[in-house]
1. At a 10 angstrom cut-off on C-beta neighbours, averaged per residue, how do the peptides 62-68, 219-225 rank from highest to lowest?
2. Report the full-extension gain for the segment ARG206 to ALA76: residue separation times 0.36 nm, less the Cα-Cα distance, to one decimal in nm.
3. Sort the following peptides by mean Cβ neighbour count (other Cβ atoms within 10 Å, averaged over residues), highest first: 227-240, 196-209.
4. For the range 200-287, report the translational diffusion coefficient in µm²/s to the nearest whole number, using Stokes-Einstein at 10 °C, 1.306 mPa s, and a Kirkwood Rh over Cα pairs.
5. Taking Rg and Dmax of the Cα atoms in Å as the quantity of interest, determine which of (1) 24.4, 100; (2) 17.1, 48; (3) 22.6, 73 was computed from the displayed structure.
6. In Å³ and rounded to a whole number, note down the convex hull volume per residue for the Cα atoms of the range 113-221.
7. Between TYR106 and GLU165, with labels modelled 7 Å along Cα→Cβ, what's the label distance in nm to one decimal, could you check?
Amino acid sequence: MDKKLTKVSIIFLTVMLLIFNFGCAAEKQGAPKELILATTTSTRDSGLLDELVPMFESKTGYDVKTIAVGTGNALAMGRRGDADVLFVHAPSAEQELVEEGVGINYELVMHNDFIIVGPPGDPAGIRGLSTAPEAFSKIKNSPSLFVSRGDDSGTHKKEKSIWEEAGIQPGGNYQETGSGMGETLSIASEKGAYTLTDRATYLRNREHLNLDILVEGDPLLLNIYHVMQVNPERFSRVNGPGGEAFVEFMVSPEVQRKIGDFGVQEFGQPLFFPDAGKKMEDLLKIN
C-alpha cells in the first residue's frame, strides 16, 4: 500500500475520531441533567414548587421532573430507587427510610399546620373546639359526611392518627377520594362535608370553596416537612449529585427566606414557616 495514502488515512481517521469525541462531549454537556423529585401534593397545590423549582433549575442547570403524589407513594418511590430526592411531610414514616439507609442527607425544611374545615353552617357543631380528636368524634356521631384523601399521604397518615387518638374507627358517614388535597377539598365543598387539610392548600383554593376553618391550633395538627436524598450507593441509577444539590438548595438561607415570605403578599400570612437548622423537638415545644 502507498505510504503516502496510509499516512493520509491515519490522519483522516484521527481527525474523524476527534470530531466524534468532541461531538459526544458537547452533546453530553448540552443535554439536560434530569432530577426526579418525588413530593407531596401540598407542595404543588399550594404553589410553592412553582416558585422554588425554576429557581433551582436556573441556579444548577438541572431539569427537574416533579412527581407530586401522596407522601406514602413518594416514600415508596424512594424505596424502589425511582426518585432522586424526596420532599415530604410524614416524619415517622420518613424516619423508617432513613433507618433503612435508603434516605440520606435528611434535613428539616419547614412547617405549617393542618386544619379541620367544613360547611359554614357546621352541622356537627365543631367550630372552635380545642382538639382535633374531639372534633372527629363529634363529626362521627353526627349525620355529617367526612371526606378523606385515603391515599396514604402525609395528610391521610395524620388523619388516621387523629381517629386513633379519638378511639374511633371511621366508617359510615366517611368517604375516601384517593385524590390529592386540592381535589379532596373540592369534593368536600361540593358535598357539604368535613375534611382535614394542610393550611397552605386550603388558603390557595379557598375562594373556590364553600368551606370554613373550624378547628385549628391543636399541637397534634403540626405539619412538618423534610427533604432527603435517595442513597445513590443503593441504586446506581439515582442522581446523587443532583439530589445533594437539591437538599442544599432547600436549606440555603436564600430559599428559607423565600419560604418564609411565600403567601404573605397574597394572603396576609405565610403559608409555611422556614425551619432549616432547627430540630424536631424545638418545633414540638413551640407548638
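Derivation of every value follows stated rules applied to the coordinates shown; laboratory data play no part. Values in this document were obtained by computation on a predicted structure and should not be read as measured data. No Cβ is skipped: glycine too gets one built from the backbone with ideal geometry, and neighbour counts run over all protein chains shown.
1. Highest-to-lowest ranking by the protection proxy: 219-225, 62-68.
2. Contour length minus the Cα-Cα distance gives 43.7 nm.
3. On the way: 227-240: 18.6, 196-209: 21.0.
Result, highest mean first: 196-209, 227-240.
4. Numbers: Rh = 15.8 Å.
Approximately 101 µm²/s, per Stokes-Einstein.
5. Of the listed options (1) 24.4, 100; (2) 17.1, 48; (3) 22.6, 73, (1) comes from this structure.
6. About 84 Å³ per residue, rounded to a whole number.
7. Distance between label points: 2.2 nm.
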